[in-house]
Each structure stands twice: as structure tokens, then as C-alpha cells.
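Following: one structure in C-alpha cells, then a few remarks.
Every read-out reported here was derived from the displayed coordinates using simple, explicitly stated rules and does not represent laboratory data. Because the structure is predicted, anything quoted here is derived from the model rather than measured. Note that each Cβ is placed from the backbone with ideal geometry, even for glycine, and that neighbours are counted across all protein chains shown.
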Amino acid sequence: MHDTEPIAATSGQPSAEPGVRLIRNFIDGEYQAGERWFDKHSPLDNTLIARVAEAGRAEVDAAVQAARTALSGPWRSLAVAQRVDLLYAVADGINGRFDDFLEAEVADTGKPVSLARHIGIPRGAANFKIFADVVKHVPGECFEMVTPDGTVAINYAIRRPVGVVGVICPWNLPLLLMTWKVGPALACGNAVVVKPSEETPQTAALLGEVMNAAGVPRGVYNVVQGFGPDSAGEFLTTHPGVNAITFTGETGTGAAIMKAATNGARPVSLEMGGKNAAIVFADCDFDAAIEGTVRSCFVNAGQVCLGTERVYIERPLFERFVAALKEGAERMRPGRPEDIGTGIGPLISQDHRNKVLSYYREAAELGATVVTGCGVPEMAGGLREGAWVQSTIWTGLGDDSPIAREEIFGPCSLVMPFDSEAEVIRRANANEYGLATAIWTTNLARAHRVAASIEVGIAWVNSWFLRDLRTAFGGAKQSGIGREGGVHSLEFYTELKNVCIKL
Ligand code: NAD
């Protein structure tokens, strides 16, 4: 599974060391080196797994120019149906190389194979098909008006691509979140320059091969590797040849990108951080609520933007729920991605582990009751060097503590009791983020009431992470600007032009 041969995207240049891949930029349909190389280590055991070509200003400029050129080439004149066929071919190409994508995603992130197989790769392919279908079927608008001179004018709207879209991606669900933006951008006829996270360079690089094999014209899909400030991320977002920027990542980074986008007044779509609440009423289906809350707290080692880090439990259920949550957390066994019994992988990097462990220490210092975890698991052999932390549940802290307010982005949750519906709505909303919430109740009227009152972009009732890709997705408050998904993506990736004809 974790073989050491370079995947095709990285071959053609000898590895610096056996087992270490060379990952390059993908510009104008070709793999290219960059200004310098940076190292990518495995989150599992901290071994060096790849050297990645960092794009400097010159490579970013070449990628943007390639995208601009593509926009005036054959890509521009394709009929929607032809574009749709190409995107279907891309989706089929991902599925055709499923194992290569799976291997690359797992190598970069260390996440369980079962998880990447179930969510990461299939959703990556599906994102091309769903948005191909959206553009194929989206209706237009048309208005007829009587003019002052008594004749008639008709107005109709046509959609045109915005141009070159800069796509800045995070590391937690690399292929899924990148294609979530590249899919609609290409479906709408744009060209893209993607900047994957420095932690997860591989699947974006590999997608270049699929684009070429599918016959997507060169320059339509470009990848520049590197970091944020003073690297590919900053060079891309400040590049005047980029017409729009779509971003997923931390709120602070989103704010920096928004600032960069003011130069030239370019539109941004920002999907940012969260501090999501789960609200569990005493009348819930207990088993379903436990199963859903264990997943929302710990899946992908808690590195899911929509994941839960605050659990509010109606007081009569509190002790029983905490006990069951503890049991669920302790069942998530850490281990190698390919082991069937592995429930949880490592965090993405040593840096991120240091951040999460600093919250673990802070919680202890603040006097939290540790229900489970709050440390580092005993791992065997080389895994001792990996970015592992324990799944953690705390009680005993209030809404004002940093543990309840700040996004930790690890497998941890603070559990707190509540006494009334009004109280829990107020407390769940008393946070600067507003991404998602999960409400567990069998009272239908209450479910509607609470869902309507929580200040978030997505409210789940008796479920979590259930996504219909036709629906609007995005964050309220500090969690985002704009909505993507279904036809909502078209608002960002196209310019709606009105044509007014006097008859
Ligand atoms: P991050 O903000 O650190 O990095 C995201 C990307 O931005 C990376 O590619 C990084 O290199 C780049 N970047 C950093 N600084 C930049 C700059 N100044 N200019 C241009 N690019 C820059 O986020 P991360 O650590 O990769 O991801 C985790 C975060 O993402 C969490 O906060 C999580 O909540 C959020 N997230 C949100 C959603 C959502 O849909 N709302 C989804 C997934 C993750």
C-alpha cells in the first residue's frame, strides 16, 4: 500500500533518496520544478516521504499566464455539453486511478484507509460530476417588459466565467476540498491555479495526470506547491492576473487573503474555521446521538471543519452521555492507516500536534476534569515519532474558557450540561464562529426552532456530515463569506450578464 516507487506524477526525475518522492508543480500541462524544494514528512512516524518543488514568483506567474492563455484557447469555445463530458472523464479518471489517489492521500495525511476510501477519494470524483450536472441543467432567467414608447423589451441572463480562479486549499480533506472548488470552477468555464497545502501536495499533483489523460486543454488546471506568506500562496493571491480567489482554511488566513484580494477589488469565497456545538436534548435517540457525536468529535482525528468541539447535554442525560462518549472515544484505536482496527490516525504534523497539546496542557491548568485522554498515546516502534495525540473529553470548564471558545482542530471536546432550550441556544451562539451544529432531539417542533435559531451555515438534526452537494455550504460569522454548492457555486464562479433587447 505504502510503496516507495514514485507515482507517475513525480517520476521522470530521480529521487534524491530511495523511497522519497519528488512532487512538482503542474503548469501548462507539464510537471515543473520550482525555486527550491521543501520536505514533506509522514505524520505517522515523521520519516521523510517527499521533496516538494516550491513555486516562486516565476512559477506562479507562469501558472497564471498559462491559465490566462487557456481562457482564450479551445477551452473558451467548448460547448457546455463538451465541458460536461470532459469533467465526467476527469471523474472517471480519478475513479480509474482510485488506488493511486488513495495511496497519495493516506501517505500525506496518515488517515485511516477506510476513511479516505469512503470519503476522500469518491467525493473527490463526485465533485466533478455534480457540478457538471449543475451547469448542464441550470435554468436561465428571462423578463419581458413594456417600454415607455409602448413597445417591448426582453431581458435575459447569460453566465460567463469569471476568468482565472486562485484556489487555496487546506490539508484536512485534501482531494475532497480541492475538487469542491476546482469542479465548479471548471464546470463554469474558468481556468484554475491551485495551491494545495504544503502538508498535502500529492493528490493535487496527481490530478494533473488525470486532467491530461482526460483531454482537458493545457493551462486549464495548474498546481503551484508551497507555503502561504512569502511563498506560492501569497504570490498567487496577490497576482493581478487572478480574477477571483476561493479559499478554505483558518479564519486568520482568510482575513489575510481578503486583504490581498482588495488589490484589484477581486471577489473572494472564504470557507473558514469553526467551533461547532452539538446540542443533545434529553429526548434524543440516545444511541444515534452517541454514534453521531463520537464521529463528529473524533473522525479524522478531529481535523474536520464541521466537527464538534463543544457538546451541550441536557442535564438529566449528562452523566450517562458522558460515560457513553468516553467509551466511544476509547474505542477509536490509534494505528496504522491500513490496519482494519484503526479508528483514528495521527494529526497532520508535529507543528499541529504541538498546538493541540498546548490546549491539552491549558485545559489541565484551567482545572478541567479529564474524562479521557489529554495526552499522547503509547505507540509502538517508529510510530512513536508520529504526530499522535489521545482522543480527549473534558468536563468542568465553562463557555468562557479558551477550550470552549477557540478552534483546536484536534480529537477533543468540552462537554457541558444545560437546563433549557433558550439557554443552550444563547450559549451555542455566544461564539465568534458560526459554521455548523448538530441537534439531537425527537421533538420535531423543537428541532425546527433550534435549527432556525443557531447562527451557523449548516444545522444538522439527528445527523452529522450528511451532505447533499446541491445545497448551499458555507459559514456564518467568522466561519466564512459566501456560499458554495449546487447553483450557489455559480454565483461565485460566473458573472451573470443581463442582455436587454428592445424589440
Ligand atoms: P491554513 O489557513 O493554515 O492554510 C490553508 C491554506 O492557506 C494553505 O494552503 C496555506 O499554505 C495557505 N496560506 C496560508 N497563509 C497564506 C497567505 N498569507 N496567503 C495565501 N495563502 C496562505 O489552514 P489549514 O491549517 O490548512 O486548515 C485547517 C483550517 O481550515 C481549520 O481552521 C479548519 O476549520 C479550516 N477548514 C474550513 C473548512 C470549511 O469548509 N469552512 C473546511 C476545511 C477546513
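About the centre of its Cα atoms, the chain shows a dipole size close to 1000 debye [charges on the beta carbon of Lys, Arg (+1) and Asp, Glu (-1) only; nearest 20 debye]. Simple rule: put +1 on each Lys or Arg Cβ and -1 on each Asp or Glu Cβ in the chain, find the dipole, and look at Ala232, Gly410, Leu503; the Cα lying farthest toward the positive end is Leu503.
Annotation for segment 267-349: trypsin sites (Lys or Arg not before Pro) lying in DSSP loop with at most 14 further Cβ atoms inside 10 Å of their Cβ do not exist. Quotient of the Cα radius of gyration of the chain and 2.2 N^0.38 Å, N being its number of residues: 1.01. Taking other residues whose beta carbon is less than 10 angstrom from the beta carbon of Ala387, and scoring Lys, Arg as +1 and Asp, Glu as -1, yields -2.
Go through Lys136/Lys477; Lys259/Lys355; Lys111/Lys275; Lys40/Lys326 and tell me which ones have a Cα-Cα distance over 28 Å in this structure. Working shown, then result.
Numbers: Lys136/Lys477 33 Å; Lys259/Lys355 26 Å; Lys111/Lys275 22 Å; Lys40/Lys326 34 Å.
Violating the 28 Å limit, Cα to Cα: Lys136/Lys477; Lys40/Lys326.
Using the Stokes-Einstein relation with a Kirkwood hydrodynamic radius computed over Cα pairs, the translational diffusion coefficient of segment 433-503 at 37 °C and a viscosity of 0.692 mPa s comes to 233 µm²/s.
A Cβ-based charge dipole, computed about the Cα centre of segment 293-422 with Lys and Arg at +1 and Asp and Glu at -1, lands at about 340 debye. For the modelled label position 7 Å from the Cα of Val152 along Cα-to-Cβ, which residues of segment 478-503 have backbone nitrogen atoms closer than 16 Å? Answer for this model: 500-503.
Please identify the longest segment of the chain free of exposed GluC sites (Glu not before Pro), where exposed means a DSSP state other than H, G, I, E or B and no more than 11 other Cβ atoms within 10 Å. Spell out each step's value before the answer.
On the way: sites that count: Glu141, Glu378.
Within the chain, the longest run free of exposed GluC sites (Glu not before Pro) spans 142-377.
Counting only DSSP beta bridges with both residues in the chain, the antiparallel share comes to about 45 percent. Taking 7 Å steps out from each Cα toward its Cβ at Arg57 and Glu338 produces label points 4.5 nm apart. Computed over the chain, the per-residue total of -39500 (n - 2.57) for DSSP H runs of n ≥ 4 gives a 222 nm mean residue ellipticity of -11000 deg cm²/dmol, rounded to 500.
Please say if segment 276-468 is rounded, prolate or oblate, where rounded means a/c under 1.5 for a ≥ b ≥ c the square roots of the C-alpha gyration tensor eigenvalues, and otherwise the choice is prolate for a/b larger than b/c and oblate otherwise? If you can, show how the numbers build up before the last one.
Details: a/c = 1.81, a/b = 1.58, b/c = 1.15.
Prolate shape, in that a/c is at least 1.5 and a/b is the bigger ratio.
Around Ser401, under 11 Å between beta carbons, what's the net of Lys plus Arg minus Asp minus Glu among the other residues? The partial results should precede the final answer.
Numbers: positive: Arg310, Arg405; negative: Glu362, Glu365, Asp399, Asp400, Glu406.
Residues near Ser401 contribute -3 overall.
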